[in-house]
Amino acid sequence: MPTRQSFDKALAELQQDILRMASLVEQNIYNAVQSLVNQNAELAAQVIMGDEDIDRLYWEIENKCVRLIATQQPIARDLRVAITGIKILLSLERMADHAVDIARTTMCLCDRPVIGAMEYIPRMARVVQQMVKDGLDAYVHGDVEKARIMCGMDDQVDYLFAHIFRDLLQAMREDPGVITQAAYLLYVSRYIERIADHATNIGEAVIYLETGEWRELN
Amino acid sequence: MGRLVAERLTAAEEAIRIKMEVQGLSVHYGNTPALSNVNLAVKANHVTALIGPSGCGKTTFLRTLNRMNDLIEGVRVTGRVLLDGEDIYRPGTDVVALRKRVGMVFQRPNPFPMSIYDNVAFGPRIHGLRDRRRLNEIVEKALRDAALWDEVKDRLRSSALGLSGGQQQRLCIARLLAVEPEVVLMDEPTSALDPISMLKIEELIQDLKATYTIVIVTHNMQQAARVSDSTAFFLSGELVEYGPTDVIFTRPRDRRTEDYITGRFG
């Protein structure tokens, strides 16, 4: 007779819960960047309000993890499922907070003219969104190779970040009238860059889940 | 130069630290194989846990370490079991002396129907000790080492059978310590005890390993994880995996180990 069926079910549910939260976070990151690019205050407000649901889910799922650890005393892979669950949750929650940060910036920039140096920000955001997606795919499929490649994409993000930084400084030097926008956008590029770092944390968690070894990959 | 010496010392220390070494050990009960070709080194002042499902050979393995299997009819042991480098199965081995060096604690506490004091003094008396003062010292030290002294010091002359199960088990450990063994074998020592008594024995095991080498068979996975430094997983008479406990319980190499310790066995 197979043993631990209800525990296996709980572990599978945990992953489903995390993916449910992840899809909300992915959507919020996308919307935040769109709200900025299109100067859409309404969409930005939606992102900010949506974060409450994400926070609620975060606490709910984290509690489930803690209960699993307390009541089932998982070991070996089971323990790694619970630990990486908590790690990934935390990374997702931080990403969602950065989406809110970006949405708040949208609110501040809505009425100001768009500046040219902004063009690289959506490009950087696309790379980061791909990283988040790949990280979650790697998690679902236990794909260590995909996790590793995803973490490698962080170099592109760093490159784009440096590029944007330079462009924004240049813009400020040339036209002090855009300093406000440029300063806000410096923050935004930093938020996006941080989201990429959290994506690599997910990649590291996937590798730990599958191999039992922690490796720093960014 | 200094570093070379240090390295050589470390290597020498490593060599000393193997207390018992089992090489190519196979055991048959009649024609039924119970253990096949087991190789395992027990480190000195370590707690080594033996885990595995019922009938996997872990208790048989434990019992080969002080030749308790000799008492079973039709048993055949091949391979070598070294204690400090000496094969305990070589002809002419003094089995009684061996069992003094390698003692055993059983699943159910089995105090003798006599006083607490006489239980602990039993071994030393058998070995010829008569001096009252010396006996008093040994009994007190053994009871202290077994973390029982404070609970029984005022009733040493009362019957051991009046103690609780957990106290009886610690008394059996004290009885063993009184003959100053080097290796302590424990066969599911807490399976008949309540949770608090179990934790007391586990604490005791941690204290004892400073002085003794301990090998413990347990069905309680969490207990193996809590008390041991190394864990050996047996299945169908085979040693499947042996390594540091923290590795076995976080990332075992063998799928069968993972299935067993996570309760997905069978």
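Just so you know, all these numbers are worked out from the coordinates, no wet-lab data involved. Given the structure is predicted, the values throughout are model-derived calculations rather than measurements. Positions of Cβ are backbone-derived with ideal geometry, glycine not excepted, and every protein chain shown enters the neighbour counts.
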Note the angle between two axes, namely the Cα long axis of helix B:2-16 and the longest principal axis of the Cα atoms of chain B, as a number of degrees from 0 to 90, rounded to the nearest 10. 70
Quick check: the distance between the Cα centres of segment B:134-193 and segment B:62-127, to the nearest angstrom? 17
Roughly how tilted is helix B:165-177, in degrees to the nearest 10 and between 0 and 90, from the longest Cα axis of chain B? 80
With label points built 7 Å along Cα→Cβ from the Cα atoms of B:Glu86 and B:Leu161, find their separation and express it in nm. 3.9
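Counting only DSSP beta bridges with both residues in chain B, what percent are antiparallel, rounded to the nearest 5? Intermediate results must be reported in sequence, preceding the final value.
Numbers: 25 of 42 bridges.
Expressed as a percentage, antiparallel bridges in chain B total about 60.
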Over segment A:3-211, what relative contact order in percent results from Cα pairs under 8 Å that are six or more residues apart? 27
For labels at B:Ser54 and B:Glu151 in the simple 7 Å Cα→Cβ model, what's the distance in nm? 2.8
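Within the set of other residues whose C-beta is less than 13 Å from the C-beta of A:Met118, count the net charge using Lys and Arg as +1 and Asp and Glu as -1. All intermediate terms of the calculation are to be shown ahead of the outcome.
Details: positive: A:Arg112, A:Arg123; negative: A:Glu119, A:Asp167.
Local charge sum for A:Met118: 0.
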Tell me, how many Å apart are the Cα centres for segment A:40-83 and for segment A:93-151? 20
For B:Asp94, project a label point 7 Å along Cα to C-beta. Then give me every residue of segment B:113-129 with its amide nitrogen under 17 Å of that point. B:123-129
Magnitude of the charge dipole, segment A:3-211, Cβ model with Lys/Arg +1 and Asp/Glu -1, debye to 20: 280
Using Cα-Cα distances under 8 Å and only pairs 6 or more residues apart, what relative contact order does chain B have, in percent? 26
Given B:Met104, B:Val38, B:Leu62, which one lies farthest toward the positive end of the charge dipole of segment B:14-132, if we put +1 on the Cβ of every Lys and Arg and -1 on the Cβ of every Asp and Glu? B:Met104
Excluding residues on the same chain fewer than 8 positions from A:Lys9, give the lysines whose Cα lies under 25 Å from its Cα. A:Lys64, A:Lys87, A:Lys133
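Grab the other residues whose beta carbon is less than 13 angstrom from that of A:Leu160, score K and R as +1, D and E as -1, and report the net. Display every interim value, and only then the final one.
On the way: positive: A:Arg123, A:Arg126, A:Arg166, A:Arg190; negative: A:Glu119, A:Asp154, A:Asp155, A:Asp158, A:Asp167, A:Glu193.
Net of charged neighbours comes to -2.
Go ahead and estimate [θ] at 222 nm for the protein assembly as shown from helices alone: -39,500 (n - 2.57) per DSSP H run with n ≥ 4, summed, over the residue count, rounded to 500. List each step's numbers first, then the result.
Details: 18 runs with 289 residues, N = 484.
For the protein assembly as shown, the value works out to -20000 deg cm²/dmol.
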Per-residue mean of other chain beta-carbon atoms within 10 angstrom of the beta-carbon, peptide A:68-75? 2
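How do the peptides A:99-106, A:12-19 rank, highest first, by the average count of neighbouring beta carbon atoms within 10 Å per residue?
Values: A:99-106: 23.5, A:12-19: 15.5.
Those peptides, ordered most packed to least, come out A:99-106, A:12-19.
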Across A:76-83, the residue-averaged tally of Cβ atoms belonging to other chains within 10 Å stands at 4
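What is the sum of charges, Lys and Arg at +1 and Asp and Glu at -1, for the other residues whose Cβ falls under 15 Å from the Cβ of A:His141? Provide the component values of the computation, followed by the final result.
Values: positive: A:Lys133, A:Lys146, A:Arg148; negative: A:Asp134, A:Asp137, A:Asp143, A:Glu145, A:Glu210.
Result for the neighbourhood of A:His141: -2.
Highest mean first, how do B:181-193, A:129-141 rank when packing is the count of other Cβ atoms within 10 Å averaged over residues? Walk me through the numbers before you get to the answer.
Working: B:181-193: 21.8, A:129-141: 19.8.
The most tightly packed comes first, giving B:181-193, A:129-141.
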As I understand it, the value is the acute angle between the Cα axis of helix B:116-126 and the longest principal axis of the Cα atoms of chain B; what does it come to in degrees, rounded to 10? 70
Cα-based Rg and Dmax for segment B:89-228, in Å, come out at 14.8, 46
Given H placed 1.01 Å from N in the peptide plane, which residues other than close sequence neighbours of B:Val217 have an amide H under 5 Å from its amide H? B:Leu50, B:Met186, B:Asp187, B:Glu188
Give me, ordered by chain and number, the residues 5 or more places off B:Val22 or on other chains with an amide H under 5 Å from its own placed amide H. B:Leu40, B:Ala41, B:Val42, B:Leu82
If I take the Cα coordinates of segment A:3-211 and project them onto the principal axes, what are the three extents in Å, biggest first? 69, 33, 20
Among the lysines in chain B, how many pairs, 8 or more places apart or on different chains, have alpha carbons under 22 Å apart? 16
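For Cα pairs less than 8 Å apart in space and 6+ apart in sequence, what is the mean separation divided by the residue count of segment B:70-194, i.e. the relative contact order in percent? Each step should come with its number before you reach the end.
Working: 152 pairs, mean separation 49.6, N = 125.
The normalised contact order for segment B:70-194 reaches 40 percent.
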Checked against the positive end of the charge dipole of the protein assembly as shown (+1 on Cβ of Lys and Arg, -1 on Cβ of Asp and Glu, about the Cα centre), the farthest of A:Tyr58, A:Ile48, B:Val227 is B:Val227
